[in-house]
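This report concerns only the one structure given below.
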Amino acid sequence: MNPNIESLYKIAQKPSRIIVGLMSGTSMDGLDVALCKISGSGENTAVELLHFDTLEFSNEVKTEIQKVFAKQNIDFQTLVLLNEWIGNLHADMVLKCLKKWNIETHKVDLIASHGQTVFHAPKILHQLEKFPNGTLQIGDGDHIAVKTGIITLSDFRQKHLAAGGEGAPLAVYGDYLIFGKKGENRIMLNIGGISNFTYLPENMNPEEVFVTDTGSGNTLIDAFTRLHFPNKSYDKDAEIAKQGTVNQSLLKALKTNKFFKDPYPKTTGPELFNIEYVQKAQKESDTESISVPDLLATLTRLSAETIAEAIIYAVNNTKYDIGNFTVYLSGGGMHNPLLIGWLKELLVWNFSTTDAIGISGDAKEAVLFAVLANETVAGGKTNFGSRQGIPSVSLGKISFPS
């Protein structure tokens, strides 16, 4: 037997595994690194978050990624070189965290790397009949494995595509395995650049789980904050938006996009929700001269309303009492008081964060990829049925250090 296969087999047989989960989202602000101890698999999965840190990207890294991020026309050599460069960068960041936490690399069983999304192209967006759903994450897993000496799982989204999904949201698998609870209907709402949520039924029937993207979360707010305030990467605590007033004409124009009328489940990205999208809506609504605070208030309201409308749709299509839900927040948007305040007005359920049920809301996505890796190596038996959007597959390509 190949020594690498033998090593992986032994890892799969262990009662628990130490797994590093990595996540870099569309905000491109840094790399989330979560060191997890995971035991069991499937519905018996148990996760202990041992350490967590977010390592910020330098301006140089952000600039390089932005050369190819969500752009249809790019320099192909830049993309090719970035794939390797980001892989090495993420490996260095993992090693830096392990050193900080006094963890020797041989004590880590696996790395689960999401990579850096540079283009998301589901058919709902590209609308090219002969082509399937597509997505691309860079940060080569072989480079991470070789540089760290740790078996690495990466490129998780491709199997989802191959099995008929849109490559997102993948949070549903981890949400079900570690957050599902008999007797409580839960909405796991993650507000990143793009917002998505998972509905977890109280009967824990995986065939009744629902997941979808809802549209923009932070991406439009962040983009226009950076555009008008180059020294700010986001509107911290909604300080700017709270000074403004929602412009109803612009809000209406923003919500006329076909995406909001398309059937659920669906996915999207900054390829649609970008500066050009907003500027087009401003032109159509004759709101090009509104103040920056009014613009940010309107974009924040857009996120709140479209998230709420998607969740209400999902809840209304279940057999459960609409009052019997708890919404658990995660992602950067959970720190936006204006956005969360509006959500609480629009959704009359209980609100909490995933911190209350064992996993930091800031660490959640990185932890979820560690769970996906654990499931690929030691599980893979949960059947989510044959519905669109949640294929019952094991995710991630395996890279060996040698």
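The values are calculated or read from the model by the stated rules, or taken from the named source; none is laboratory data. Computed from a predicted model, the values in this text were never measured in an experiment. Quick reminder, even Gly has a Cβ in these numbers, built from the backbone with ideal geometry, and neighbours come from all protein chains shown. Protein only, heavy atoms only, side chains kept; ligands, DNA and RNA dropped before computing areas. Shrake-Rupley method; radii C 1.70, N 1.55, O 1.52, S 1.80 Å.
When the Cα centres of the range 56-113 and the range 179-219 are compared, how far apart do they sit, in Å?
28 Å
Count the net charge of all other residues whose Cβ sits under 13 Å from the Cβ of residue 346, scoring Lys and Arg as +1 and Asp and Glu as -1.
On the way: positive: 301, 344; negative: 305, 309, 345.
Every neighbour counted, the sum reads -1.
Which loop trypsin sites (Lys or Arg not before Pro) in the range 126-196, with loop taken from DSSP, have no more than 15 other Cβ atoms within 10 angstrom of their Cβ?
Sites meeting the loop and neighbour criteria: 130, 181, 182.
What does the charge count near residue 225 come to, summing +1 for each Lys or Arg and -1 for each Asp or Glu among other residues with Cβ under 11 Å from its Cβ?
That works out to 0.
Put +1 on the Cβ of each Lys and Arg and -1 on the Cβ of each Asp and Glu in the chain; which of 4, 18, 269 then has its Cα farthest toward the positive end of the dipole?
It is 4, whose Cα lies furthest towards the positive end.
Rounded to the nearest 10 degrees, what's the angle between the helix 76-100 long axis and the longest principal axis of the chain, both from Cα atoms, 0 to 90?
So the inclination is approximately 70 degrees.
Using DSSP to call loops (not H, G, I, E or B), can you name the GluC sites (Glu not before Pro) in the range 97-169 whose Cβ has at most 11 other Cβ atoms within 10 angstrom? Each step should come with its number before you reach the end.
Numbers: sites: 104, 129, 166; in loops: 104, 129, 166.
Within the range 97-169, the qualifying GluC sites (Glu not before Pro) (loop, at most 11 other Cβ atoms within 10 Å) are 104, 129.
Pop the C-beta distance of residue 4 and residue 77 into the FRET formula with R0 = 35 Å and round what comes out to the nearest 0.05.
After rounding to 0.05, the efficiency reads 0.65.
Given an 8 Å cut-off on Cα distances and at least 6 residues of separation, report the relative contact order of the range 1-139 as a percent.
The value is 26 percent.
With all protein chains present, how much of the accessible area of the chain (probe radius 1.4 Å) comes from carbon and sulfur, to the nearest whole percent?
That share works out to 49 percent.
Tell me the per residue accessible area of the chain using a 1.4 Å probe; a whole number in Å² is fine.
Per-residue value: 43 Å².
I'm spelling it out carefully: the read-out is percent of Cα pairs over 34 Å apart, the candidates are (i) 30; (ii) 26; (iii) 23, and one was derived from this structure. Which label?
(ii)
Restricting to DSSP loop positions (anything but H, G, I, E, B) with no more than 14 other Cβ atoms inside 10 Å of their own Cβ, which trypsin sites (Lys or Arg not before Pro) remain in the range 296-346?
When the trypsin sites (Lys or Arg not before Pro) of the range 296-346 are filtered for loop state and at most 14 Cβ neighbours within 10 Å, 319 remain.
Quote the relative contact order of the chain in percent (integer), defining contacts as alpha-carbon pairs under 8 Å separated by 6+ residues.
On the way: 824 pairs, mean separation 87.2, N = 402.
The normalised contact order for the chain reaches 22 percent.
Does the range 33-149 classify as rounded, prolate or oblate by the C-alpha gyration tensor (a ≥ b ≥ c root eigenvalues; a/c under 1.5 gives rounded; else a/b over b/c gives prolate, otherwise oblate)?
oblate
Which residue fluctuates most in the GNM of the chain (Cα springs below 10 Å): 330, 16, 195?
Result: 16 has the largest fluctuation of those listed.
Can you tell me how the range 218-329 classifies by the Cα gyration tensor, rounded, prolate or oblate, using a/c under 1.5 as the rounded cut?
prolate
For the range 329-371 and the range 263-310, write down the distance between their C-alpha centroids in whole Å.
21 Å
How would the range 211-273 be classified by its alpha-carbon gyration tensor: rounded, prolate or oblate, with rounded meaning a/c under 1.5 and the a/b versus b/c comparison settling the rest?
prolate
Using helices alone, I'd like the mean residue ellipticity at 222 nm for the chain: each DSSP H run of four-plus residues gives -39500 (n - 2.57), total over residue count, nearest 500.
The per-residue figure over the chain is -11500 deg cm²/dmol.
Which ³J(HN,Hα) values, rounded to whole Hz and listed in residue order, are derived for the range 156-167 from phi using the Karplus coefficients 6.51, -1.76 and 1.60 in 6.51 cos²θ - 1.76 cosθ + 1.60 with θ = phi - 60°, glycine and proline given as x?
5, 6, 5, 5, 4, 5, 4, 8, x, x, 9, x
Write down the percent of antiparallel bridges among all DSSP beta bridges whose residues are both part of the range 70-181, to the nearest 5.
60 percent
Residue separation times 0.36 nm, minus the C-alpha to C-alpha distance between residue 127 and residue 383: what's the value? List each step's numbers first, then the result.
Numbers: separation 256, 0.36 × 256 = 92.16 nm, distance 2.99 nm.
Taking residue 127 through residue 383 to full extension adds about 89.2 nm, to one decimal.
Using a simple spin-label model with points 7 Å from Cα along the Cα→Cβ vector, what separation in nm is obtained for residue 107 and residue 351?
Here the modelled spin labels are 4.0 nm apart.
Please report the antiparallel percentage of the DSSP beta bridges confined to the chain, to the nearest 5. Please list the in-between numbers first.
Numbers: 38 of 55 bridges.
So the antiparallel bridges in the chain amount to around 70 percent.
At what distance in nm do the modelled label points of residue 62 and residue 236 sit from each other, each positioned 7 Å from its Cα along Cα→Cβ?
It is 1.3 nm.
Using the Cα centre as the reference, give the magnitude of the dipole from point charges on the C-beta atoms of the range 244-303 (Lys, Arg: +1; Asp, Glu: -1; all else neutral), rounded to the nearest 20 debye.
On the way: 8 positive and 7 negative charges, 56 e Å.
Dipole of the range 244-303, to the nearest 20 debye: 260 debye.
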